[in-house]
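Read the figures in this text as sums done on the coordinates, not as results from a lab. It should be emphasised that the depicted structure is a prediction, and the values quoted were computed from it without experimental measurement. Ideal geometry is used to build each Cβ from the backbone, glycine not excepted, and the neighbour counts take in all protein chains shown.
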Amino acid sequence: MSSHHRPLRLLALPVLSAVAALAGCAPGASEARVTPPPGPPADVAGLCAALHEVLPEKVSGLDRSRTEPQSDLTAAWGGSAIVLRCGIPKPAKMADPKADGVEVNGVGWLVERPADGGLKFTTGSRLAYTEVWIDKEHATDAGMLVDLSAAVAKTVPVGISSY
């Protein structure tokens, strides 16, 4: 999605932590266990806090859930049916010119299809990378990106994150 290249970082641990965190909650639960990204820079964390404040209360008809631990870097809807993490390091897949992408309301998203049958979307060309995981049951509805894109566009400026 981006022509900006940086050395690859090992992302396995944060990704495995996120998957493990997501696996612990059933959709529809009022709380979701979500591991916040490890220590983004202060400017990125500030953008994520601004995003957190404007995220919608409902996404695809699912109510916003409380995340545990509570963090301005995370949000969830329908328990863990839809989980957002802001301030993640740049995904290595961003450098793949063959990667799938979609643009929704002016926000570009990298599209990945994890082995669990769900979907993973990650913003590109923004000053903070934000990922959204959708469980298998809700992976047929990409409409949730409309509301989430509006929030991202409002709070996270276009640019290439240095993180």
Could you run the Karplus curve 6.51 cos²θ - 1.76 cosθ + 1.60 with θ = phi - 60° over the stretch 63-76 and give me ³J(HN,Hα) per residue in whole Hz, x for Gly and Pro? 6, 5, 10, 6, 9, 10, x, 5, 7, 6, 9, 9, 7, 8
If you count, for each residue, the other Cβ atoms within 10 Å and average over each peptide, how do 33-40, 85-92, 55-62 line up from highest to lowest? 85-92, 33-40, 55-62
Check Thr67: other-chain or 5+ apart residues with amide H under 5 Å from its amide H, H built from backbone geometry? Ala32
Once both label points are put 7 Å beyond Cα along the C-beta direction, the Glu57-Glu103 separation in nm becomes 3.3 nm
Gly101's amide H: which non-local residues (gap 5+, or another chain) put their own amide H closer than 5 Å, with H modeled 1.01 Å from N in plane and none for Pro or chain starts? Val111
How many nm is it between the label spots at Thr140 and Ala49, if each spot is 7 Å from the Cα in line with the beta carbon? 4.1 nm
Length gained when the stretch Val158-Asp116 is fully extended (0.36 nm per residue, less Cα-Cα span): 12.0 nm
Residue by residue through the stretch 40-47, the couplings from Karplus 6.51 cos²θ - 1.76 cosθ + 1.60 with θ = phi - 60°, in Hz, x for Gly and Pro, are x, x, 4, 5, 5, 4, x, 5
Once amide hydrogens are built 1.01 Å from N within the peptide plane, the residues lying 5 or more places from Gly118 or on another chain with amide H under 5 Å from its amide H are Lys136
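May I ask you to order 129-136, 142-149 by the average number of other C-beta atoms within 10 Å around their residues, highest value first?
Working: 129-136: 22.6, 142-149: 19.5.
Highest mean packing first, the order is 129-136, 142-149.
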